[in-house]
1. Which ones in the range 145-161 are charged (D, E, K, R), touching a residue at least 24 places away in the same chain (Cβ under 8 Å) and open to solvent by 30 Å² or more (accessible area, probe 1.4 Å)?
2. Among D13, D19, which is assigned to a loop (DSSP other than H, G, I, E, B) and either modelled with pLDDT under 95 or of a type in the set (S, T, Y) (or both)?
3. Looking at (1) open to solvent by 60 Å² or more (accessible area, probe 1.4 Å); (2) not in a helix (DSSP H, G or I), find the lone condition where G117 falls short.
4. I need every pair where a residue in the range 97-109 that is within 17 Å of A61 (Cα to Cα) has its Cβ under 6 Å from the Cβ of a residue that is open to solvent by 40 Å² or more (accessible area, probe 1.4 Å) and part of a helix (DSSP H, G or I), sequence separation at least 6 or different chains.
5. Could you please find all residues in the range 100-139 being within 28 Å of D79 (Cβ to Cβ), among the hydrophobic types (A, V, I, L, M, F, W, C) and either over 14 Å from the mean Cα position of the chain (by Cα) or at pLDDT 95 or above (or both)?
Amino acid sequence: NGISFDGKASDIDAVNDIDGMRAFVSPTYGLPSSDVMTGTETVGAVSAWDLDYTGKGMTIAVIDTGIRSTHDAFSVAPDGAKYDVEALARKIADAEDYLHAGNDAEQLFVSPKIPFGYDYQYESYSTAHVSSDHGTHVAGIAAGNNGGDFRGIAYDAQLFVMQVFEDDGNAEWDTILRALEDCAYLGVDSVNMSLGSSCGSCTYSDEVFEAAFSLLSRAGVLVAAASGNDGTQAQYNRWGGY
């Protein structure tokens, strides 16, 4: 159990003197400084498609800046979709009061391609961008499909869109944590976090990170996350970006 609050840095020692309490400064996360294009052939996706690995029946949570849900890349209903409104409503009911997002399945359901969308920063059912279009960029790479000349890596997967950024382009750990926990409660298959901070998590509370990712591990959720966010343009190009 935990809380987040605004206070003075000098309060941390006082809180840590309380038996059973552990306080730390919440990290702030940012997006990569430049967008990078990568190809499905480069990462072996085309070969995977030939073996019938298309993301069919799978869900990918994109924890990012939101999405432009009307973009052509999300216009095709995926083959073998796991979630419709009724299936989402059952998951919400199973989660009971643990779920941090709103509990109205009709509002959370955006489309057959995007069966879940919520803004954790502003506690809204809107999936629109607040700081940049990075979320659409990432979601398109992960699972986009326009039915023609564009396919993402797992083009038959459904997308759970979780907006965690403030309008100034930063995301706080407590907001990200709510989204991560909901990934476990909602039973998504994988999580993408193309966001990071200097030196990853090494300057923050390892216990808090361990608790969050242990929950996801126990729930069988695969998490892909940036290990840091200080790369140069050359490094982004070399490794294909985040």
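The values are calculated or read from the model by the stated rules, or taken from the named source; none is laboratory data. Note that the structure is a prediction, hence the values are computed from the model and not measured. Neighbour counts run over all protein chains shown; Cβ positions are idealised from the backbone, glycine included. Side chains are part of the model used for accessible areas, which takes the heavy atoms of the whole protein and leaves out ligands, DNA and RNA. Shrake-Rupley method; radii C 1.70, N 1.55, O 1.52, S 1.80 Å.
1. Matches in the range 145-161: R151 only.
2. None of the others qualify; the one that does is D19.
3. Here G117 clears every test but (1).
4. The qualifying pairs are L99/Y185; H100/R178; A105/A89.
5. Of everything in the range 100-139, those that are within 28 Å of D79 (Cβ to Cβ), among the hydrophobic types (A, V, I, L, M, F, W, C) and either over 14 Å from the mean Cα position of the chain (by Cα) or at pLDDT 95 or above (or both) turn out to be A101, A105, L108, F109, V110, I114, F116, A128, A139.
Here's the yes/no breakdown for (1) of a type in the set (D, E); (2) open to solvent by less than 40 Å² (accessible area, probe 1.4 Å); (3) modelled with pLDDT of 70 or more:
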| site | (1), (2), (3) |
| --- | --- |
| R178 | no, no, yes |
| Y185 | no, no, yes |
| V188 | no, yes, yes |
| S214 | no, yes, yes |
| R238 | no, no, no |
